[in-house]
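Peer 1: One structure, as structure tokens, below. Some questions next.
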């Protein structure tokens, strides 16, 4: 008998709508595969609901109602991107409830969401990252300009608040915009290279592997507009030499292991003349059938429905991190 799955979507951050799309697609795939499913949504105001029914008048009351629904499930699929979801928050909730959850545990989710912490882990592993600095939102006025830089919130996804700054005026504007999304901001030197994504899947037996990488063609910066207006193009599999592919996938697996990722993760790189340079890691990447990760697994012969089923099969109670 198929396990009962509670799919959670929404969230209290800029990726709310993206998360709703992921959750809807995951739920449809599960139902098509014969999994009994329950849908829970976290509103922008933090209140939970089941379908269209609010589970309480306050955030706390609705969370109590959501826990009742979660307790009836065998597995939770938290398709919530960004803060209070992908950052380990929902994994922590499931750990306290003793419920199996799809994806990474608390530690990996928190580290992967924090781009500065991810850089530190990568550098400890000997993986190259873009030179840069961490700035507090209150300190943006003191940041000097030193050539073209990319500005991004330290935590967040879907490229919200990400901008390329070519002069001091653009830098000041980019810092102000990034501060809308996080109180910690990364300012990184521009890396000249091809944008390559690698997906990593940890199966139920613990085996970790990567399908063919994907290349993004989106101009200077793959920002929020390019991600969702249809202008970006993807090449799957990316046109790579065997040596390049091995370097990218090997590095992605090292980073995923170093962070302790479970389920599926997307590891984003710039491929330079000197090899891969890590950009960032997503521990709950976009999960519609047209998102980058499912496209990569499709290139390996793994259908969207099969991918979702494998993620459910690999679900575990957080607490003892994958290593």
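Peer 1: Grab the Cα-Cα distance for residue 116 and residue 306, subtract it from 0.36 nm times how many residues apart they are, and report the gain in nm with one decimal.
Peer 2: Values: separation 190, 0.36 × 190 = 68.40 nm, distance 3.34 nm.
Gain on extension, residue 116 to residue 306, equals 65.1 nm.
Peer 1: While we're on this one: Extending each Cα 7 Å along its Cβ direction at residue 239 and residue 84, get the distance between those two points in nm, one decimal.
Peer 2: Using points 7 Å along Cα→Cβ, the separation is 4.5 nm.
Peer 1: Follow-up. To the nearest µm²/s, what D does Stokes-Einstein give for the chain at 10 °C and 1.306 mPa s, using the Kirkwood radius over alpha carbon pairs as Rh? Each step should come with its number before you reach the end.
Peer 2: Details: Rh = 19.9 Å.
After rounding, the answer is 80 µm²/s.
Peer 1: Could you give the length gained on full extension between residue 4 and residue 97, defined as 0.36 nm per residue of separation minus the Cα-Cα distance, in nm? Walk me through the numbers on the way to the answer.
Peer 2: Details: separation 93, 0.36 × 93 = 33.48 nm, distance 1.57 nm.
Result: 31.9 nm gained on full extension.
Peer 1: Grab the eigenvalues of the alpha-carbon gyration tensor for segment 57-162, scale each by 5, take roots, and send me the semi-axes largest first in whole angstrom.
Peer 2: Values: eigenvalues 236, 60, 20 Å².
One finds semi-axes of 34, 17, 10 Å for segment 57-162.
Peer 1: Give the dimensionless ratio obtained when the Cα radius of gyration of segment 133-189 is divided by 2.2 N^0.38 Å.
Peer 2: Normalised Cα radius of gyration, segment 133-189: 0.95.
Peer 1: Rounded to the nearest 0.05, what FRET efficiency is calculated for residue 207 and residue 247 with R0 set to 25 Å and r the Cβ-Cβ distance?
Peer 2: On the way: r = 21 Å, r/R0 = 0.83.
About 0.75, to the nearest 0.05.
Peer 1: Return the FRET efficiency for the residue pair residue 170, residue 217: r is the Cβ-Cβ distance, R0 is 30 Å, and the value is rounded to the nearest 0.05.
Peer 2: For residue 170 and residue 217, the calculated efficiency is 0.80.
Peer 1: Treat the count of other C-beta atoms within 10 Å as a stand-in for reagent exposure and order 89, 249, 68 from fewest to most.
Peer 2: On the way: 89 17, 249 21, 68 10.
Lowest to highest Cβ neighbour count: 68, 89, 249.
Peer 1: Could you work out how much longer the chain between residue 124 and residue 177 gets when fully extended? Use 0.36 nm per residue separation minus the Cα distance between them, nm to one decimal. Present the calculation step by step, with values, prior to reporting the outcome.
Peer 2: Numbers: separation 53, 0.36 × 53 = 19.08 nm, distance 3.05 nm.
Between residue 124 and residue 177, full extension yields 16.0 nm more.
Peer 1: How many nm is it between the label spots at residue 146 and residue 290, if each spot is 7 Å from the Cα in line with the beta carbon?
Peer 2: Going by the 7 Å Cα→Cβ label model, 4.2 nm.
Peer 1: What is the calculated FRET efficiency for residue 313 to residue 71, with r their C-beta to C-beta distance and R₀ = 25 Å, to the nearest 0.05? Intermediate results must be reported in sequence, preceding the final value.
Peer 2: Values: r = 21 Å, r/R0 = 0.84.
That pair, residue 313 with residue 71, gives E of 0.75.
Peer 1: Determine, for each peptide in 42-49, 136-143, 163-170, the mean count of other beta carbons within 10 angstrom over its residues, then list the peptides with the highest first.
Peer 2: Listed from highest to lowest mean packing, they are 42-49, 163-170, 136-143.
Peer 1: Averaging sequence separations of C-alpha pairs under 8 Å and six or more residues apart, then dividing by the length of the chain, give the relative contact order as a whole percent.
Peer 2: On the way: 762 pairs, mean separation 64.1, N = 323.
For the chain, the relative contact order is 20 percent.
Peer 1: For segment 93-165 and segment 25-51, what is the centre-to-centre distance using only Cα atoms, to the nearest Å?
Peer 2: 28 Å
Peer 1: If you don't mind, there's one more thing I want to ask. Which value in Å does the Kirkwood hydrodynamic radius of segment 92-212 take, with 1/r averaged over all unlike C-alpha pairs and then inverted? Before the final figure, lay out the partial values.
Peer 2: On the way: mean 1/r = 0.0610 Å⁻¹.
Averaging 1/r across every pair of different Cα atoms and inverting gives 16.4 Å.
Peer 1: Can I ask one more? Over segment 5-103, what is the relative contact order in percent, taking alpha-carbon pairs closer than 8 angstrom and at least six residues apart?
Peer 2: Working: 194 pairs, mean separation 31.0, N = 99.
Rounded, it is 31 percent for segment 5-103.
Peer 1: To the nearest 10 degrees, how steep is helix 59-71 against the longest Cα principal axis of the chain, on a 0 to 90 scale?
Peer 2: 60 degrees
Peer 1: Restricted to Cα positions, what overall size does segment 5-103 have along the principal axes? Three whole-Å values, descending.
Peer 2: 34, 27, 26
Where a number appears in this text, it was derived from the coordinates with a stated rule and is not lab data. Note that the structure is predicted; figures quoted are calculated from it, not measured. Note: ideal-geometry Cβ built from the backbone for every residue, glycine included; neighbour counts use all protein chains shown.
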